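Down below is the structure, laid out as structure tokens.
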Amino acid sequence: MKKVLVTGGAGFIGSNFVHYLLGTARDLKIQIVNLDALTYAGSLENLKDLPEGHYTFVQGDICNRDLVRGLLDQYQIDTIVHFAAESHVDRSILSPEPFIQANVIGTFTLLEAARQYWLIEKALPIDEIRFHHVSTDEVYGTLDPEDPAFSETTPYAPNSPYAASKAASDHLVRSYHHTYQLPVTISNCSNNYGPRQFPEKLIPLIILNALSGKSLPVYGDGQQIRDWLFVTDHCEAIYKILTQGVSGQTYNIGGNNQSANLTIVETVCDLLDEMQPAAEPRRNLIKFVTDRPGHDRRYAMNISKIDRELGWKPRYSLTDGLIATVQWMLANPEWVVAIQKQSEYQTWLTKNYDKREKSS
Ligand code: NAD
Ligand code: TYD
């Protein structure tokens, strides 16, 4: 891994991964090219203060075949770490089409460019190249309370257009390994949270609403369970897979932190009350609203494979991760203001929540 193309590196996890590579991992032997379309979810605010000389940003679409092919050639890319995607389930329910475009056609375009450039044109040795695909636990569907956690052999059963588009992309990646021997790895990860997460997702939305005294929307009965992972732990797991993982393998990544949504919201309220006391307890802002259609009840990840084979385990407890997330938000008011000013964000809040609140 010397010349790395990161896709979607201006988004939440991708930008944390760039910071991780050049900061925590201090892997300064590498050059990073970050290809991101800067959709509503991507921001250059996420990429400040990176060490000079190791990093290039290119604004563009992963569906643009000529652009992707040109970048592989221009920068002699040997590793692709593919984060770029439409990533929010609620948006996929209201408008599924961009998910098919970015997640399915986008992944196909990258795979095809990699195959053409690495395998056909350059005929590079397979141990010198790698395509890593970042995916989700949502491809496995939903669990009942007593079901065992998802493992790498759980059959796919995606329930939302988002999950189905990610499942399709996983299948394409798998097929390029099986048919063309493209060296690939796939990681399926549970819900992330942490610095730089766009506040359409549960935890940053709740933190920002609570700080400004707005209502805290909890879908349905709030008893849906997710397995929460602090984003830096995810970045470390991906780095392990890139440096030690076996081509053709899938690795499940999770936080060993199963928690109901209502518990998460209450915990955030209590932490904020301690860190920034308000006139009233923030729990008073909680509002149960109309449920998400087709809402998956529970996700949980069995992470014994990545633990056993690569020696990775999450480091952050849920409490420590939530404290770090709130502290980051409080320390970065300019980031918060920039996102809140985005007209697209305000439009999204109206589109997703106004009807819900009226009908609850
Ligand atoms: P995000 O929505 O915060 O960021 C996505 C980034 O991709 C943005 O910067 C956006 O501009 C870019 N992008 C979107 N379409 C593009 C296109 N066509 N061309 C180029 N760039 C494009 O997403 P995230 O939460 O950082 O998720 C990153 C990846 O991790 C996704 O593949 C997602 O499916 C996966 N994942 C996310 C989570 C989670 O909890 N957030 C959990 C598991 C897996
Ligand atoms: P989200 O952060 O959108 O992630 P995902 O849908 O990928 O799991 O949502 C996490 C959980 O929180 C999910 O069960 C839906 C729920 N949720 C709410 O209850 N209220 C909200 O306003 C949002 C955005 C999510």
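The values are calculated or read from the model by the stated rules, or taken from the named source; none is laboratory data. Everything numeric here is computed off the predicted structure, so don't read it as measured data. Reconstructed Cβ throughout: ideal geometry from the backbone, glycine too, with neighbour counts over all protein chains shown. When the accessible area is computed, the model is the full protein with side chains, heavy atoms only, and any ligands, DNA or RNA have been set aside. Shrake-Rupley method; radii C 1.70, N 1.55, O 1.52, S 1.80 Å.
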Open item on the list: Let me check against my output: what whole-number percent is the relative contact order of the chain, with C-alpha pairs under 8 Å and at least 6 apart?
Closed with: 17
TODO: Quick one: grab the alpha carbon gyration tensor of the chain, order the square roots of its eigenvalues as a ≥ b ≥ c, and give me rounded if a/c is under 1.5, else prolate or oblate depending on whether a/b is larger than b/c.
DONE: prolate
- [ ] Report, in debye and to the nearest 20, how large the dipole of the chain comes out about its Cα centre when Lys and Arg carry +1 and Asp and Glu carry -1 on their Cβ.
- [x] 240
Task: Accessible solvent surface per residue of the chain, calculated while the other protein chains remain in place, 1.4 angstrom probe, Å² - done: 42
Open item on the list: What is the angle, in °, between the Cα long axis of helix 318-331 and the longest principal axis of the Cα atoms in the chain? Nearest 10 is fine, range 0 to 90.
Closed with: 90
Open item on the list: Using the Cα centre of the stretch 239-360 as the reference point, and only Cβ charges (+1 on K/R, -1 on D/E), how large is the resulting charge dipole? Debye, rounded to the nearest 20.
Closed with: 460
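How much length is gained if the chain between Thr267 and Lys2 is pulled fully straight, taking 0.36 nm per residue apart and subtracting their Cα-Cα distance, in nm to one decimal? All intermediate terms of the calculation are to be shown ahead of the outcome.
Numbers: separation 265, 0.36 × 265 = 95.40 nm, distance 4.16 nm.
Length difference between fully extended and current span is 91.2 nm.
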Task: In order through the stretch 168-180: 3J(HN,Hα) via Karplus (6.51 cos²θ - 1.76 cosθ + 1.60), integer Hz, x for Gly, Pro - done: 4, 5, 4, 5, 5, 4, 4, 5, 5, 6, 5, 7, 10
TODO: Looking at the stretch 185-265, send over the antiparallel percent of its DSSP beta bridges, to the nearest 5.
DONE: 35
TODO: Mind running the shape call on the stretch 260-306? Use the C-alpha gyration tensor, a ≥ b ≥ c as the square roots of the eigenvalues: rounded below 1.5 for a/c, prolate if a/b tops b/c, oblate otherwise.
DONE: oblate
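Give a quick list of GluC sites (Glu not before Pro) in the stretch 122-183 that DSSP marks as loop, anything other than H, G, I, E or B, with at most 13 other Cβ atoms within 10 Å.
Numbers: sites: Glu128, Glu138, Glu146, Glu152; in loops: Glu146, Glu152.
In loop regions of the stretch 122-183 (DSSP not H, G, I, E or B), the sparsely surrounded GluC sites (Glu not before Pro) are Glu146.
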- [ ] Determine the shape class of the stretch 130-273: with a ≥ b ≥ c the square roots of the Cα gyration tensor eigenvalues, call it rounded for a/c under 1.5, and otherwise prolate if a/b is greater than b/c, oblate otherwise.
- [x] prolate
Task: Dipole of the chain, positive direction: furthest Cα of Ile225, Phe150, Gly194, with charges on the beta-carbon - done: Gly194
Open item on the list: If you roll a 1.4 angstrom probe over the protein chains with everything in place, what fraction of the accessible area of the chain belongs to carbon and sulfur, to the nearest %?
Closed with: 51
TODO: Subtracting the Cα-Cα distance from 0.36 nm times the residue separation, let me have the gained length for Asp127 to Gln74 in nm, one decimal.
DONE: 17.0 nm
Task: Exceeding the 19 Å Cα-Cα cut-off - candidates Lys48/Lys201; Lys214/Lys341; Lys287/Lys351; Lys3/Lys122; Lys29/Lys122 - done: Lys48/Lys201; Lys29/Lys122
Task: Stretchable slack from Gln59 to Gln223, in nm (0.36 nm times residue separation minus alpha-carbon distance) - done: 55.1 nm
TODO: Would you calculate the separation in nanometres between label points at Leu38 and Ser212, each defined as 7 Å from the Cα along the Cα-to-beta-carbon direction?
DONE: 2.3
TODO: Round to a whole angstrom and tell me the spacing of the C-alpha centers of the stretch 19-88 and the stretch 170-227.
DONE: 20
Task: Qualifying GluC sites (Glu not before Pro) for the stretch 26-104 [loop in DSSP, other Cβ within 10 Å: at most 13] - done: Glu52
- [ ] Quote the charge dipole size of the stretch 221-278 about the Cα centre in Debye, to the nearest 20; the model charges only the Cβ of Lys and Arg (+1) and of Asp and Glu (-1).
- [x] 400
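With loop defined by DSSP as not H, G, I, E or B, and exposure as at most 16 other Cβ atoms within 10 Å, which is the longest segment of the chain clear of exposed trypsin sites (Lys or Arg not before Pro)?
Within the chain, the longest run free of exposed trypsin sites (Lys or Arg not before Pro) spans 123-213.
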TODO: Using Cα centres only, tell me the gap between the stretch 261-316 and the stretch 327-359 in whole Å.
DONE: 19
TODO: Please name which of Val81, Gln59, Ser92 has its Cα lying farthest along the dipole of the stretch 35-92 towards the positive end, using unit charges on Cβ (Lys, Arg +1; Asp, Glu -1) and the Cα centre as origin.
DONE: Ser92
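Work through the residues other than Ala324 whose Cβ is under 14 Å from its Cβ and net out their charges, Lys, Arg +1 and Asp, Glu -1.
In short, 0.
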TODO: May I ask what percent, to the nearest 5, of DSSP beta bridges between residues of the chain are antiparallel?
DONE: 10
Task: Helix 343-359 vs. the chain, principal-axis angle (Cα, 0 to 90°, nearest 10) - done: 50
TODO: Using only Cα atoms, find the angle between the long axis of helix 231-244 and the longest principal axis of the chain, and express it within 0 to 90 degrees, rounded to the nearest 10.
DONE: 20
